[in-house]
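Asks: First, the structure itself, so that you have it in front of you.
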Amino acid sequence: MTQNVRELTEEGVEARLAEVLGQERFAPPVTFADDAEITDPGIRARAAADPVGYWEGEARKLRWSTPWTTALNDAEAPFYRWFEGGRINISDNCLDRHVEAGLGDRVAYHWHGEEGEERDVTYAELLDRTARFAGALRALGVREGDVVGIYLPMIPEVVVAMLACTRIGAIHNVVFGGFSAGSVAERMEISDAKVLVTVDGSRRKGRTMPVKPEVDSHMGHLAGLEKVVVVRHAGIDVDMTDGRDVWFDEALDAADPVDPVPMDAEAPLFILYSSGSTAKPKGIQHTTGGYLTAITTTHRQAFDLKPDEDVFFCTADVGWVTGHSYIVYGPLANATTSVMYEGAPDYPHKGIWWELVERRKVTKLYTAPTAIRACMKWGVEHVAPHDLSSLKLLGSVGEPINPKAWLWYWHVIGGERCPVIDTWWQTETGAIVVTSLPGIDDAKPGSAGHPLPGFEVDVRDAETGDVVPEGEGLLAIPRPWPSMLRTLYGDPDRYVSTYWERFGKETYFVGDSARVDADGYVWVIGRVDDVINVSGHRLSTAEVESAIVAHPQVAEAAVVARADDLTGQAIIAYVTVQQGGDPCDALADEINGEIAERIGKLARPKRIVFTQDLPKTRSGKIMRRLLRDIAEDRDLGDTTTLADPGVVATLQEQYRAGA
């Protein structure tokens, strides 16, 4: 560990960040670049010259039982088909081939429970449990094409359940463990799930919440749900319905292991429902061969992966696409050792992540800007005691990262020796699309970087649809890629209207605004509906938030729009301050001065609301929809997905009191 990290102080960190805040580019550290897996800057150009051929080469690194006959069938765009005619099994590629290659004793997951429990799960053990649970699912009547719901916390059984589905061709529908049972029931009903895998209870910050009783109270009306499999985890007593409910461990012990079934490359793999809107959830459907190809490739390239050396720690939840792609399928397909943590980043203490990094010698860390900003707020005293010298690369995911958080991550966590890659992608893309190749590309704090090899993105004029060579517009993907969603489950018309009508059926409409700079770097601004129009001027919420958090006393900020009779829309800013900061009128004036200097007086908020915390999901995502409801004085919708529902109620009272 470098000495400057061991001796971290808030004053020293602030001074260092002030020195580098204006630095536009950061080259890969020489020691990293010299040992990088990809050192050829021409890789993108070669892939662009023959993208289909490039993806074929990547697909051949996997084990196929039957080769494909057509790499890309685009005859019925936008219903593209990749590796048509090929047959492959995902669990075989994630487990069997590694065990056969002598890697059975390699640890797949160092699992840590939030109360200090530990389990090391090897590839051989994971294969055995997956093969037997696949047999258990068959014994429960699950057949190829059936939907299996999975509603579990961050425990190894969630990986077993997912891989068991892939082994026999069932479609899994994982629901984030922080969602309410009512939300789960809705997703089980619209996907017509045949079996649900759940848990007796889950734990969060020292509390145990019953899950199975909640499932029972919401699932009784689902005629299509035939079986409920229950994992014993929290050790609480639950009622089991005869003829419907079975214990996971008992089903596993009674089952015979089954071999992987070769699946058509275009066979549905999973459904993942969008969340957070008032509209009907979108069931984003991914398929088998193309998805596995892209997530295996992007995991290897973006994280400069060395499976024999690396320990990978993605802090997301398996219930989100980041967990699907970069906790489960990408790392396992690449024979990687990962850390899986059950709990929150501040339990049992605010240094738990850094304790795990030190303990497990983590080399590659992948987390969200929200989490980074939370760590900034908690203070460097939770980082300083831990040896983070094993870290070699840091990644960011989930939303654009503001420069100050990027620099804090680079300086405090990475010791200025680790490249920091920001990654842009979506549930719909399945895999990382835009980022920096860490051994080649300079990083620009706040920019996602360039498309990875084999991908293409451009920025389009919002009115004409023309490509904008440099400047701001709407982000689009003008050619198909293997891990693209194939449809919305049961709703192909909505699939076309949502993603393929804006620019035509050969160009995917992302739904994000972005700009491209003179060097070709992509700067994702935010969702199209996260652009605020003040007196005819379009202002990015992310840009305003970055200006606010540039103030040394500010830890985190979220900006939303409120209808305004004079200006059309007004900016409302919710701001949390660093420990020791003073949330007062003088600070609000300083923040407004910072915004005026960085963006312009027009971008100053109509109101700044200081708050102890922001409403967030358990995965750390800020629920801006609820902040808009507060600003517009609307009744709040469902808050059950929040890590702490009390935060939003307190904030609403505070907002009304100050109106």
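Readers should treat all values here as calculations from the given coordinates under stated rules, not as data from a laboratory. Not measured: the values here are computed from a predicted model. So basically every Cβ, Gly included, is an ideal-geometry build from the backbone, and we count neighbours across all protein chains shown.
Asks: Would you mind computing, in nm to one decimal, how far apart the modelled labels at Ala139 and Asp259 are, each placed 7 Å from Cα along Cα→Cβ?
Replies: If labels sit at Ala139 and Asp259, their model points lie 2.1 nm apart.
Asks: With charges set only on the Cβ (+1 for Lys and Arg, -1 for Asp and Glu), what does the dipole of the range 535-657 come to about its Cα centre, in debye to the nearest 20?
Replies: On the way: 15 positive and 19 negative charges, 83 e Å.
My answer is approximately 400 debye.
Asks: Looking at the range 495-582, which trypsin sites (Lys or Arg not before Pro) are DSSP coil and have at most 16 other C-beta atoms within 10 Å of their C-beta?
Replies: Details: sites: Arg502, Lys505, Arg515, Arg527, Arg538, Arg562; in loops: Arg502, Lys505.
Passing both the DSSP loop test and the Cβ count: Lys505.
Asks: Can I ask one more? Dipole magnitude of the chain about its Cα centre, charges +1 at Lys/Arg Cβ and -1 at Asp/Glu Cβ only, in debye to the nearest 20? It would help to have the intermediate numbers written out before the result.
Replies: Details: 66 positive and 100 negative charges, 71 e Å.
Once rounded to the nearest 20, the dipole reads 340 debye.
Asks: Separate question: Provide the descending list of Cα extents for the range 297-389 along its principal axes, expressed in whole angstroms.
Replies: That works out to 37, 27, 20 Å along the principal axes.
Asks: Using the 10 angstrom Cβ neighbour count as an exposure proxy, how do Glu189, Glu7 rank, fewest first? Provide the component values of the computation, followed by the final result.
Replies: Values: Glu189 16, Glu7 10.
Taking fewest neighbouring Cβ atoms as first place, the list is Glu7, Glu189.
Asks: Something else about it: Using alpha carbons only, how many degrees (0 to 90, rounded to 10) separate the axis of helix 369-378 from the longest principal axis of the chain?
Replies: Rounded to the nearest ten degrees, it is 60.
Asks: Sticking with this one: I'm a student and want to see the number: the projected area of the Cα convex hull of the chain, averaged over all directions, in nm².
Replies: Seen from a random direction, the Cα hull of the chain projects 27.5 nm² on average.
Asks: Name the residue from Val357, Val544, Leu474 whose Cα lies farthest towards the positive end of the charge dipole of the chain, charges +1 on Cβ of Lys and Arg and -1 on Cβ of Asp and Glu.
Replies: Working it through, the farthest residue towards the positive pole turns out to be Leu474.
Asks: Here is a follow-up. Could you give the angle, 0 to 90 degrees to the nearest 10, between helix 289-302's Cα long axis and the longest principal axis of the Cα atoms of the chain?
Replies: 50 degrees
Asks: Under 23 Å from the Cα of Lys212, which lysines turn up, not counting those fewer than eight places away in the same chain?
Replies: Result set, ordered by chain and number: Lys194, Lys227.
Asks: Full-extension gain between Asp589 and Glu100, please, as 0.36 nm times their residue separation minus the C-alpha to C-alpha distance.
Replies: Working it through step by step, the gained length comes to 169.6 nm.
Asks: Still on this model: By how many degrees, between 0 and 90 and to the nearest 10, does the Cα long axis of helix 181-191 differ from the longest principal axis of the chain?
Replies: Orientation of helix 181-191: about 60 degrees from the principal axis.
Asks: Which pairs break 29 Å Cα to Cα here: Lys61/Lys392; Lys61/Lys505; Lys306/Lys616?
Replies: Values: Lys61/Lys392 25 Å; Lys61/Lys505 31 Å; Lys306/Lys616 34 Å.
The pairs that break the limit, which is 29 Å between Cα atoms, are Lys61/Lys505; Lys306/Lys616.
Asks: Continuing with the same structure: From the backbone phi of the range 160-165, what are the Karplus-calculated ³J(HN,Hα) couplings (6.51 cos²θ - 1.76 cosθ + 1.60, θ = phi - 60°) in whole Hz, Gly and Pro given as x?
Replies: Result, ordered by residue: 4, 5, 5, 5, 5, 4 Hz.
Asks: Taking +1 at the Cβ of each Lys and Arg and -1 at the Cβ of each Asp and Glu, which of Val397, Trp68, Gly568 sits farthest along the dipole of the chain towards its positive end, judged by Cα position relative to the Cα centre?
Replies: Trp68
Asks: Next question, about the same structure. For the range 127-284, with the dipole built from +1 on Lys and Arg beta-carbon atoms and -1 on Asp and Glu ones, taken about the Cα centre, which of Ala139, Val158, Val258 lies farthest toward the positive end?
Replies: After comparing all options, I get Val158.
Asks: Here's another thing I want to ask about it. Based on the Cβ-Cβ distance from Arg634 to Arg417, what FRET efficiency comes out when R0 is 56 Å, to the nearest 0.05? Please list the in-between numbers first.
Replies: Values: r = 48 Å, r/R0 = 0.85.
About 0.70, to the nearest 0.05.
Asks: Now a separate question. Dividing the alpha-carbon radius of gyration of the range 127-284 by 2.2 N^0.38 Å (N being the number of residues), what value is obtained? Could you put the intermediate results ahead of the total?
Replies: Numbers: Rg = 14.8 Å, N = 158, 2.2 N^0.38 = 15.1 Å.
Against the compact-globule rule of thumb, the ratio is 0.98.
Asks: Report the Stokes-Einstein translational diffusion coefficient (µm² s⁻¹, integer) for the range 535-657, Rh taken as the Kirkwood radius over Cα pairs, at 25 °C with viscosity 0.890 mPa s. Display every interim value, and only then the final one.
Replies: On the way: Rh = 14.8 Å.
For the chosen part, D equals 166 µm²/s.
Asks: Would you mind computing, in nm to one decimal, how far apart the modelled labels at Thr208 and Ala33 are, each placed 7 Å from Cα along Cα→Cβ?
Replies: With each label point 7 Å from Cα toward Cβ, the separation is 5.4 nm.
Asks: I need Leu587, Leu332, Leu388 ordered by Cβ neighbour count within 10 Å, fewest first. Write out the running numbers ahead of the final one.
Replies: Values: Leu587 18, Leu332 25, Leu388 22.
Taking fewest neighbouring Cβ atoms as first place, the list is Leu587, Leu388, Leu332.
Asks: Please give the length that would be gained between Leu21 and Thr70 if that part of the chain were fully extended, namely 0.36 nm times their separation in residues minus their C-alpha to C-alpha distance (nm, one decimal).
Replies: Numbers: separation 49, 0.36 × 49 = 17.64 nm, distance 4.95 nm.
Answer, rounded to one decimal: 12.7 nm.
Asks: Nothing charged except the Cβ atoms of Lys and Arg (+1) and of Asp and Glu (-1): what's the magnitude of the dipole of the range 71-217 about its Cα centre? Round to the nearest 20 debye.
Replies: On the way: 17 positive and 23 negative charges, 27 e Å.
Computed about the Cα centre, the dipole is about 140 debye.
Asks: Further, regarding this structure: Trypsin sites (Lys or Arg not before Pro), restricted to the range 108-200: which are DSSP loop and have at most 12 other Cβ atoms within 10 Å? Could the numbers behind the result be given before it?
Replies: Numbers: sites: Arg119, Arg129, Arg132, Arg138, Arg143, Arg167, Arg187, Lys194; in loops: Arg143, Lys194.
When the trypsin sites (Lys or Arg not before Pro) of the range 108-200 are filtered for loop state and at most 12 Cβ neighbours within 10 Å, Arg143 remain.
Asks: Same structure again: Take the alpha-carbon centre of the range 147-175, take the same for the range 213-285, and report the distance between them in whole Å.
Replies: Taking the Cα centre of each part, the range 147-175 and the range 213-285 sit 7 Å apart.
Asks: How much length would be gained if the chain were fully extended between Thr241 and Ser497, taking 0.36 nm per residue of separation minus their Cα-Cα distance, in nm to one decimal? Working shown, then result.
Replies: On the way: separation 256, 0.36 × 256 = 92.16 nm, distance 4.26 nm.
Full extension of this stretch gives 87.9 nm more.
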